1. Using bins 10 angstrom wide from zero, how does P(r) for region 65-139 break down, in % of all Cα pairs?
2. Can you work out the Karplus-derived ³J(HN,Hα) for every residue in region 216-231? Use 6.51 cos²θ - 1.76 cosθ + 1.60 with θ = phi - 60°, whole Hz, and x for glycine or proline.
3. Of the listed pairs K66/K201; K50/K136; K142/K217, which have alpha-carbon separations greater than 18 Å here?
4. Assuming 0.36 nm per residue, please report the length gained on full extension of the stretch I32 to K217 beyond their Cα-Cα distance.
5. What number comes out for the charge environment of K136, summing +1 per Lys or Arg and -1 per Asp or Glu over other residues with Cβ under 14 Å away?
6. Could you work out the Kirkwood radius for region 174-230, taking every pair of different alpha carbons, averaging 1/r and inverting it, reported in Å?
7. Are there any trypsin sites (Lys or Arg not before Pro) in region 68-126 that are in a DSSP loop and have at most 10 other Cβ atoms within 10 Å? List them by number.
8. Once you treat every alpha carbon in region 106-222 as an equal point and sum by Debye, what is log10 I(q)/I(0) at q = 0.18, 0.21, 0.23 Å⁻¹?
Amino acid sequence: MISLTKTLTKVTFKKKETWLFLVFCAVPLLLIVGDLLGSNFIQLNAMGNKISFIDFFNAVLSLQYKITLPIMSLIFLISSAIHDEIKNGVLFLYKDMSRSKILNSKLLTFITILFNYIVLLFITCLITYYTDLRTKSYTTGKFWGSLAANQDAIVGILSLVCLMAIVIFLSTAISLNLSNGFTLLIGTVFAVLSTTLSQVKNIKYIFPNSYANDLQKYGFNNALLVMLGVTITYLVIIYFYSLFRFKHLEY
């Protein structure tokens, strides 16, 4: 399966949809460009307490998820890598391989791309923070903040990574039978609802990020455990549904 995953990863990284997704990693650098041009088209202000680097990274990752454009490009990438290949008969080339092996390799490929996205975004945030924002009045100039702020940022970051992992599995499941348009629609609706409904009483507990919002209520360790438990539940259910659908798929 490792060799198949490597092959699929190389092929997927050549897709323009992959680079469309990864280009959003450069967004933090626009803060530097804005300062060099003397423009205020992108600025950070009225953020309350001074922010450390980890706070900044959490804020950028949260913003990228909330504006949905990076998520939409990720969903489109997944649907094109699955539905289009089914439609065009590309997966027929793997007809002698185990269906579970193919699905696992596809999912690992998408997770690898997400990992690269997070690492690249981390690097561009690091560059932006220490070359441009470090001396600003609203930043501390340090990597870590207070213990409470660090815990809030860490849980926030992990909750967003959990949501993105769910989006990957959900989009994979949908694209097995539905068109790119429907996959994009359903995946985007989930992303939007996970942001808006995470503040609604009772309903919010079905989304991992709601536990990041209630960190003071649950405590750091409990919030992490419950958040990971909710995420794993999503992934396991969606995975076995995808495997069932994929094994009964004709191509």
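1. Result returned by the calculation: 15, 33, 24, 15, 8, 4, 0.
2. 5, 6, 8, x, 4, 5, 5, 4, 4, 4, 5, 4, 5, x, 4, 5
3. Working: K66/K201 20 Å; K50/K136 9 Å; K142/K217 27 Å.
Among K66/K201; K50/K136; K142/K217, the Cα-Cα distance tops 18 Å for K66/K201; K142/K217.
4. Values: separation 185, 0.36 × 185 = 66.60 nm, distance 3.73 nm.
Gain on stretching I32 to K217: 62.9 nm.
5. Details: positive: K50, R134, K142; negative: D35, D55, D132.
In short, 0.
6. Values: mean 1/r = 0.0798 Å⁻¹.
Answer for region 174-230: a Kirkwood hydrodynamic radius of 12.5 Å.
7. Values: sites: K87, K95, R99, K101, K106; in loops: K95.
Sites meeting the loop and neighbour criteria: K95.
8. -1.09, -1.21, -1.26
Values in this text are rule-based calculations from the coordinates and carry no lab data. Not measured: the values here are computed from a predicted model. Glycine gets a Cβ as well: all are built from the backbone with ideal geometry, and neighbour counts include every protein chain shown.
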